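Take a look at the structure set out below.
The values are calculated or read from the model by the stated rules, or taken from the named source; none is laboratory data. Note that the structure is a prediction, hence the values are computed from the model and not measured. Quick reminder, even Gly has a Cβ in these numbers, built from the backbone with ideal geometry, and neighbours come from all protein chains shown.
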Amino acid sequence: MQINIFYKTKISPYYHKTGVYKKALLRALGKQAKAQKELNVFVVSPKEMLKINTEFLGHKYVTDVITFPYPQTNLKGEVFGDIIVCFEQAKKQAPTAKTSTLLEFLILMIHGALHLIGYDDNTLELRDKMNRLAHSIAEKALKS
């Protein structure tokens, strides 16, 4: 699977750990990664995230991550989905989550990937399970 990461907002070069992010996303997607051709991750500003959240979901606030799965058919070469991550929101949430900005940023990417393979977070129990898994994958990726 090809994973494309597009930095559409200015962030410190320290956070351009594209190889680490790709490895973590592949781990999160598991077997699903082998069946797909491409995944796009867009790192955006709060302004752009607000625009996307309002236009596509009808929510007039900045959120941390949005996932857009693509309809799957039997055709090869399709894009599996897009993950939109707001770096500034990750940075803002990190102290509350008691994580580093880097870890929070990666957790959000993984969270989006988990949505693509069917995880849901519409209850507290499901959200907690998903968050624990994303956190575990992110920590392992940053240690390797």
Among the listed residues Pro69, Pro46, which satisfies the condition of being of a type outside the set (D, E, K, R), within 23 Å of Leu106 (Cα to Cα) and modelled with pLDDT of 95 or more? Pro46
Which of the residues that make up region 131-144 are surrounded by fewer than 18 Cβ atoms within 10 Å (Cβ to Cβ) and among the hydrophobic types (A, V, I, L, M, F, W, C)? Leu133, Leu142
Looking only at region 82-125, filter to residues that are more than 15 Å from Ile11 (Cβ to Cβ) and acidic (Asp, Glu); which one of those is surrounded by the fewest Cβ atoms within 10 Å (Cβ to Cβ)? Glu125
Those residues that are farther than 19 Å from Ile110 by Cα and touching a strand residue (DSSP E or B) at 6+ places or on another chain (Cβ under 6 Å), I need them from region 5-43; list them, please. Thr9
Given the structure, is Ile52 within 21 Å of His16 (Cα to Cα), of a type in the set (Val, Ile, Thr) and surrounded by 16 or more Cβ atoms within 10 Å (Cβ to Cβ)? no
Those residues of region 110-133 that are under 20 Å from Gln89 (Cβ atoms) and in contact with a Leu (Cβ under 6 Å, 6 or more places away or on another chain) come to a total of 2
Out of Lys17, Lys47, Lys51, report the one residue that is in contact (Cβ under 8 Å) with a residue 40 or more places away in the chain and farther than 17 Å from Gly118 by Cα. Lys17
Scan region 61-72 and give yes if some residue there is in contact with a His (Cβ under 6 Å, 6 or more places away or on another chain), more than 20 Å from Tyr14 (Cα to Cα) and either surrounded by 17 or more Cβ atoms within 10 Å (Cβ to Cβ) or polar (S, T, N, Q) (or both), otherwise no. yes
What pairs come out if I take residues in region 55-72 that are within 17 Å of Val41 (Cα to Cα) and pair them with residues that are modelled with pLDDT of 95 or more and among the β-branched types (Val, Ile, Thr) whose C-beta lies under 6 Å away, six or more apart or interchain? Val65/Val85; Ile66/Ile84; Thr67/Ile83
